[in-house]
Amino acid sequence: TDRPRVLSGIQPTAGSFHLGNYLGAVRQWVPLQETHDAYYSVVDLHAITVPQDPAALREATRLAAAQLLGAGVDPERCTLFVQSHVPEHAQLAWVLNCVTGFGEAARMTQFKDKSAKQGAESTTVGLFTYPILQAADILLYQTDQVPVGEDQRQHVELTRDVAARFNGRFGELFRLPNAHILKDAAKIQDLQDPASKMSKSGSSAKGIVWLLDPPKTSAKKFRSAVTDTGTEVRYDPAEKPGLSNLLTVYAALSGLTVAELEAKYDGQLYGPLKTELAELFTEWVAPFQARTREFLDDPAELDRVLARGAAKARAVAAGTLARVHEAVGF
Ligand code: ADP
Ligand code: NA
């Protein structure tokens, strides 16, 4: 295929994806598999950079894969695999560790933030080298574009720097990837605390919409979302953050523009918008849940899908790693 190659990863998380994960990341994976040669990975190696329960991790990995399939990721149209099934990721990461400067890695702002929160004694070296494992994920597949949010741009820059250094030292082996900042990726705020991003580590349980919750539970969360006391349906994130967040979700799920939604609700209070958004979400989530459950209820089929994906990924990854090993003198 002469399509540009993309690589995206998502960490397995306990329970289910939330609406922010879906609208901010996973949703974009579906159209990309039509236009790109897409490699999608559940990145369980990244997940152990913080303490994990083994049984919970195993379950979360399968759950993440099932939800990706439920969301429309199609293993016939892309390469979907679990990172730990492809040992070349860890192997290439070691080589890249040895061409990355300590100071260079220490400048990663995400590491600085996370390690500051955890404290030095509970921060693992794995968390420190996380961006280098991410570089390995990207470079193994000679990736052209890495679809990421703004917060990941620095890691893609590090990947380019390390790849260029490797190429300069050992011969032109790696393609230099570009960050592909997703323009349609919506940033979703907490429904109860619209000043904060919807996040699994967020504060309010009622503010997070989990995709595998009973649809009725989620519908209630939309209907009781925090909004201002105004009466005009208008997109204005500064003055009306809660309402604007609902409009963002509504637009993403309906395909209507925010302007079309403002026109639709012109002269109405917030109630009908919340009720209809709750209905729209329920209609969207039902088939997502049904498809996800199909894979969860048929573990053998999920295993087959993931084994085929790992084999496809390894066919590329092993070739890159062999050339790297040769180039460095193994
Ligand atoms: P969380 O913030 O809940 O810990 P992760 O950091 O695991 O979620 O993010 C997984 C993916 O989902 C990333 O691509 C991230 O950019 C995206 N994402 C997470 N929360 C949101 C959100 N509220 N809005 C948009 N995208 C989000
Ligand atoms: Na996060």
>> So the check is Cβ under 7 Å with 6+ separation or different chains; which pairs have a first residue in the stretch 259-283 that's more than 13 Å from ALA219 (Cα to Cα) and a second one that's at pLDDT 95 or above and open to solvent by 70 Å² or more (accessible area, probe 1.4 Å)?
In response: GLU262/ARG234; GLU262/TYR235
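Kindly indicate whether ARG234 is among the basic types (Lys, Arg), over 30 Å from ASP144 (Cβ atoms) and in contact with a Lys or Arg (Cβ under 6 Å, 6 or more places away or on another chain). Full working, then the answer.
Numbers: among the basic types (Lys, Arg): yes; over 30 Å from ASP144 (Cβ atoms): yes; in contact with a Lys or Arg (Cβ under 6 Å, 6 or more places away or on another chain): no.
The answer is no for ARG234.
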> Mind checking which pairs have a first residue in the stretch 191-220 that is under 24 Å from GLY149 (Cα atoms) and β-branched (Val, Ile, Thr) and a second that is within 15 Å of ligand 2 (Cβ to nearest atom) and assigned to a loop (DSSP other than H, G, I, E, B), Cβ under 9 Å, 6 or more apart or different chains?
Replying inline: ILE208/ASP190; ILE208/MET198; ILE208/SER199; ILE208/LYS200; ILE208/GLY202; VAL209/ILE188; VAL209/MET198
> Can you tell me which residues in the stretch 196-225 are among the charged types (D, E, K, R) and either at pLDDT 95 or above or closer than 18 Å to ALA186 by Cα (or both)?
Replying inline: LYS197, LYS200, ASP213, LYS216, LYS220, LYS221, ARG223
>> If the requirement is being open to solvent by less than 20 Å² (accessible area, probe 1.4 Å) and closer than 20 Å to GLN154 by Cβ, which of these qualifies: THR61, THR49?
In response: THR49
> Which one is farthest from the chain's Cα centre (by Cα), of the residues in the stretch 186-208 that are crowded, with 19+ Cβ neighbours inside 10 Å and more than 16 Å from ligand 2 (Cβ to nearest atom)?
Replying inline: GLN192
> What is the residue count in the stretch 191-208 for residues that are within 12 Å of ligand 1 (Cβ to nearest atom), assigned to a loop (DSSP other than H, G, I, E, B), under 23 Å from TYR235 (Cα atoms) and not small (Gly, Ala, Ser)?
Replying inline: 5
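Are there any helices (runs of 4 or more DSSP H) wholly within the stretch 222-326 with 2 or more residues that are open to solvent by 50 Å² or more (accessible area, probe 1.4 Å), and if so which?
258-264, 270-296
Can you tell me which residues in the stretch 171-185 are open to solvent by less than 70 Å² (accessible area, probe 1.4 Å) and modelled with pLDDT of 95 or more?
If we filter the stretch 171-185 for residues that are open to solvent by less than 70 Å² (accessible area, probe 1.4 Å), which is where we start, we get 171, 173-174, 176-177, 179-182, 185.
Correct list: GLY171, LEU173, PHE174, LEU176, PRO177.
Would it be correct to say that GLY171 is away from ligand 2 (no atom under 16 Å from the Cβ) and touching a residue at least 12 places away in the same chain (Cβ under 8 Å)? Don't jump to the end; show me each part of the working.
Working: away from ligand 2 (no atom under 16 Å from the Cβ): yes; touching a residue at least 12 places away in the same chain (Cβ under 8 Å): yes.
So GLY171 fits the description; yes.
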>> Considering only residues that are open to solvent by 30 Å² or more (accessible area, probe 1.4 Å), touching an Asp or Glu at 6+ places or on another chain (Cβ under 7 Å) and within 14 Å of ligand 2 (Cβ to nearest atom), which ones fall in the stretch 1-46?
In response: GLY9
>> For the stretch 13-38, give me the residue count where each residue is closer than 24 Å to GLN52 by Cβ and outside any helix (DSSP H, G or I).
In response: 6
> Taking only pairs six or more apart or across chains, which ones have beta-carbon atoms under 7 Å, a first residue in the stretch 287-316 that is within 19 Å of SER41 (Cα to Cα), and a second residue that is surrounded by 13 or more Cβ atoms within 10 Å (Cβ to Cβ) and of a type in the set (S, T, N, Q)?
Replying inline: THR292/GLN67; GLY309/THR79; LYS312/THR79; ALA313/THR79
> (1) out of contact with any helix residue (DSSP H, G or I) (no Cβ under 9 Å at 6 or more places or on another chain); (2) basic (Lys, Arg); (3) over 23 Å from VAL26 (Cα atoms): which one isn't true of LYS183, the others all being true?
Replying inline: (3)
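The values are calculated or read from the model by the stated rules, or taken from the named source; none is laboratory data. The model shown is predicted, which means the values in this text are computed figures rather than measured ones. Note that each Cβ is placed from the backbone with ideal geometry, even for glycine, and that neighbours are counted across all protein chains shown. Accessible surface is based on the protein model in full, side chains and every heavy atom, while ligands, DNA and RNA are left aside. Shrake-Rupley method; radii C 1.70, N 1.55, O 1.52, S 1.80 Å.
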